[in-house]
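Have a look at this one.
Only the coordinates and a few stated rules stand behind these numbers; no lab work does. Given the structure is predicted, the values throughout are model-derived calculations rather than measurements. Glycine also receives a Cβ, built like all others from the backbone with ideal geometry; neighbour counts cover every protein chain displayed.
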Amino acid sequence: MNPIETAKEYNEYVEAKSPKSPIFKNCLHAFLVGGLICSIGQLIFEFCTFKGLDTVSANNIVAISLIGISALLTSLNLFNKIGKFAGAGSLVPITGFANSIVSPAIEYKSEGYVLGVGSKMFTVAGPVLVYGISASILVGIISCFFI
Amino acid sequence: MDFFQSIDFGLLVRCFIVGGLICIIGQILIDKTKLTSARILVVFVTVGVILGGLGIYKYVIDFAGCGATVPLLGFGANLAKGAIESASEQGVLGAFIGGVKASAGGIAAAVFFGYIASLIAKPKIKKQ
């Protein structure tokens, strides 16, 4: 085999040897699982409104139920398997937020219930809340001046 | 069953498609940009707050129901909606209270279920 001399040749060699990123397949999996999770939410929502609840309460119940289901699946070590198949399909819905709290809570149990469970819970969810809440406060303050 | 007759199947299909499409956006971000999952969640929530703040996202929710509210974009939009609604009543104080109040159910549930799960479940042994 010829020695690889230039950076370009090296890049081509790496390109040829590395596995093709199966982005289409990943997107299909994400679409199917993400759509399914949202549809489960929609069925819970329709059941709540069917029982006479208002939309705000129904949306809260959807969020709490989906979070509860993903907490259960995470504790049974099933969420990882779904996540491996679905990629963003289980990450982007609220199930991903729930998993990001529950998974480290279980994982860091050995470091104690305060500094392990209590603080490591927020390694991923913390940033989400920091940026989400801060942005919402800014939006709220701006809306005071424009509306 | 009355409930099954009451289901709006058109809405269910739109919910599936829109929810799936939002997840595809996330998947493309993962595959093309090497963003970690934590950053993707932050991006989705922040974009959701912006879209909610601009008043665009409520049209997506009207169109797709939970297909729009269940992804984290909806979580962000809900934060923004709560902040704006309560700011219109209480001014700047409302801007601080409204967002978290509107999404308190989800946040509290995640913390509570996370704690309960940590009490019950055993950590899995990492294979690395």
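Can you tell me how region A:66-123 classifies by the Cα gyration tensor, rounded, prolate or oblate, using a/c under 1.5 as the rounded cut?
Prolate is the answer for region A:66-123, as a/c is 1.5 or above and a/b outweighs b/c.
Quick check on region B:2-103: what are the equivalent-ellipsoid semi-axes from the Cα gyration tensor, as sqrt(5λ), descending, whole Å?
So the three semi-axes of region B:2-103 are 25, 22, 10 Å.
What are the aspartates and glutamates whose alpha-carbon lies under 16 Å from the alpha-carbon of residue B:122, with same-chain residues fewer than 8 places away excluded?
A:107, A:111
Quick check: the angle from helix A:94-107's long axis to the longest principal axis of chain A, C-alpha only, nearest 10 degrees?
Rounded to the nearest ten degrees, it is 80.
With contacts defined as alpha carbon pairs under 8 Å and 6 or more residues apart, what's the relative contact order of chain B in percent?
Result for chain B is 20 percent.
Then there is this: Which of rounded, prolate or oblate describes chain A when judged by the alpha-carbon gyration tensor and an a/c cut-off of 1.5?
Because a/c hits 1.5 or more and a/b exceeds b/c, chain A counts as prolate.
Could you check which residue among A:103, A:57, A:136 shows the biggest mean-square fluctuation in a GNM of chain A with a 10 Å Cα cutoff?
Most flexible of the set in this elastic network: A:136.
Divide by every residue of chain A the summed helix terms, -39500 (n - 2.57) for each DSSP H run of at least 4, and state the resulting mean residue ellipticity at 222 nm, rounded to the nearest 500 deg cm²/dmol.
-25000 deg cm²/dmol
Pick from B:77, B:104, B:117 the residue whose mean-square fluctuation is largest in a GNM of chain B, springs joining Cα atoms under 10 Å.
Looking only at B:77, B:104, B:117, the largest GNM fluctuation is found for B:117.
Compute the length gained on full extension between residue A:146 and residue A:53: take 0.36 nm times their separation in residues and subtract their Cα-Cα distance, giving the result in nm to one decimal.
30.2 nm
Tell me the angle of helix A:122-146 to the major Cα principal axis of chain A, expressed in degrees between 0 and 90 and rounded to the nearest ten.
60
Which is farthest toward the positive dipole end of region B:2-103 among B:75, B:88, B:6, measuring Cα position about the Cα centre, with Cβ charges +1 (Lys, Arg) and -1 (Asp, Glu)?
Going by the Cα projections, it comes out as B:75.
Next question. Between region A:84-115 and region B:18-94, how far is it from one alpha carbon centroid to the other, in angstrom?
Region A:84-115 and region B:18-94 have Cα centres separated by 20 Å.
Taking the Cα centre of region A:22-114 as origin and charging only Cβ (+1 Lys, Arg; -1 Asp, Glu), how large is the dipole, in debye to the nearest 20?
Dipole size: approximately 260 debye.
Can you find, among B:50, B:17, B:37, the residue sitting farthest towards the positive end of the charge dipole of chain B, where Lys and Arg contribute +1 and Asp and Glu -1 at Cβ?
So the residue we want is B:37.
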